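Structure record follows, encoded as structure tokens.
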Amino acid sequence: MVKSYPAVSEEYLKAVDKAKRKLRGLIAEKNCAPLMLRLAWHSAGTFDVATKTGGPFGTMKNPSEQAHGANAGLDIAIRLLEPIKEQFPILSYADFYQLAGVVAVEVTGGPDVPFHPGREDKPEPPPEGRLPDATQGSDHLRQVFATQMGLSDQDIVALSGGHTLGRCHKDRSGFEGAWTSNPLIFDNSYFKELLSGEKEGLLQLPSDKALLSDPSFRPLVDKYAADEDAFFADYAEAHLKLSELGFAEA
Ligand code: HEM
């Protein structure tokens, strides 16, 4: 996708830089990188390429979108972010939530994901039901990521590596447990754990395990488990695409 980024003012760029510093502080203080990454992803992952609706356009600030089943717990992220957002009224929520996702990856040791400002806030949340269902397999992942969002097989596997951060909560998704033994560090351990099989105390969702059995996904799991640099490079590219779905299309 060729991009044509909008011009933003000097003042806006300064606010982005300053907000980024505040986000680093908040995330370090609250250990909330995983929740911030999930917020950014659930904000963007509703994009529908056919109708150009949904996507990373700030609609998650709307309580009706926070109330979607897939978003359980994200109201906490919104609440944590609001005191910082109030300091930067010039920023769109759209940019701010995506910035939080980029900073979450950065401060936990992950790759630098490029950030381009200028997203505008949209008034209407997308319809419920566009985010992936953890109980399903490869066909469903392709339906959501490829057909709906317009991303590739490589993006699906690289982005699934986001589960190197954080954990599942029984009261949010019905699942319980972390994918790795270091859920506040962004590294390639998600792929290593996936290959080493189920382990006491750790979790693999059906949608994670689907990456092992699919002939197109599996070689990428093997590659990312063996080569963290390759994972970081592909992750950064995929996260950038995700964060800009429907934004700055030339
Ligand atoms: C491939 C399809 C995906 C499915 C089915 C899925 C499903 C889930 C589920 C069920 C949870 C647990 C929520 C909870 O109980 O708190 C979760 C958490 C999480 N997901 Fe995903 N996810 C997917 C893709 C992604 C992507 C693309 C990213 C980011 C690049 C991501 C990042 C996260 C993070 C960081 C958490 C942990 C949140 C926390 O610790 O509070 N997920 N995901």
If you take the residues of the stretch 158-171 that are without any contact (Cβ under 8 Å) to a residue 60 or more places away in the chain and buried (at least 24 other Cβ atoms within 10 Å of the Cβ), which of them is farthest from the ligand (Cβ to nearest atom)? T164
Could you count how many residues in the stretch 1-16 are surrounded by 11 or more Cβ atoms within 10 Å (Cβ to Cβ) and closer than 17 Å to L91 by Cβ? 8
Can you tell me how many residues within the stretch 67-79 are without any contact (Cβ under 8 Å) to a residue 40 or more places away in the chain, of a type in the set (A, V, I, L, M) and assigned to a helix (DSSP H, G or I)? 2
Of those in the stretch 91-107 that are more than 14 Å from K22 (Cβ to Cβ) and either of a type in the set (A, V, I, L, M) or more than 14 Å from the chain's Cα centre (by Cα) (or both), the residue farthest from the ligand (Cβ to nearest atom) is S92
Return only the number of the condition from (1) farther than 26 Å from E11 by Cβ; (2) assigned to a helix (DSSP H, G or I); (3) over 13 Å from the mean Cα position of the chain (by Cα) that E82 does not satisfy. (1)
Do you know which of the residues in the stretch 25-49 that are in contact (Cβ under 8 Å) with a residue 60 or more places away in the chain and either in contact with a strand residue (DSSP E or B) (Cβ under 6 Å, 6 or more places away or on another chain) or more than 14 Å from the ligand (Cβ to nearest atom) (or both) is farthest from M149 (Cα to Cα)? A28
Out of S213, S196, S207, which single residue is within 9 Å of the ligand (Cβ to nearest atom), at pLDDT 95 or above and small (G, A, S)? S207
Name the one entry in D234, D222 that is touching a Lys or Arg at 6+ places or on another chain (Cβ under 9 Å) and either among the charged types (D, E, K, R) or crowded, with 19+ Cβ neighbours inside 10 Å (or both). D234
Say we look at the stretch 107-157 and pick out the residues that are part of a helix (DSSP H, G or I), of a type in the set (D, E, K, R) and touching a residue at least 24 places away in the same chain (Cβ under 8 Å); which of these is nearest to M1 (Cα to Cα)? D155
Could you identify the single residue in Q87, Q66 that is surrounded by fewer than 22 Cβ atoms within 10 Å (Cβ to Cβ), of a type outside the set (F, W, Y), at pLDDT 95 or above and closer than 25 Å to G174 by Cα? Q66
In this structure, is T180 more than 16 Å from the chain's Cα centre (by Cα), buried (at least 21 other Cβ atoms within 10 Å of the Cβ) and part of a loop (DSSP other than H, G, I, E, B)? yes
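The values are calculated or read from the model by the stated rules, or taken from the named source; none is laboratory data. Bear in mind the structure is a predicted one, so any value in this text is a computation, not a measurement. Please note: Cβ atoms are built from the backbone with ideal geometry, for glycine as well, and neighbour counts cover all protein chains shown.
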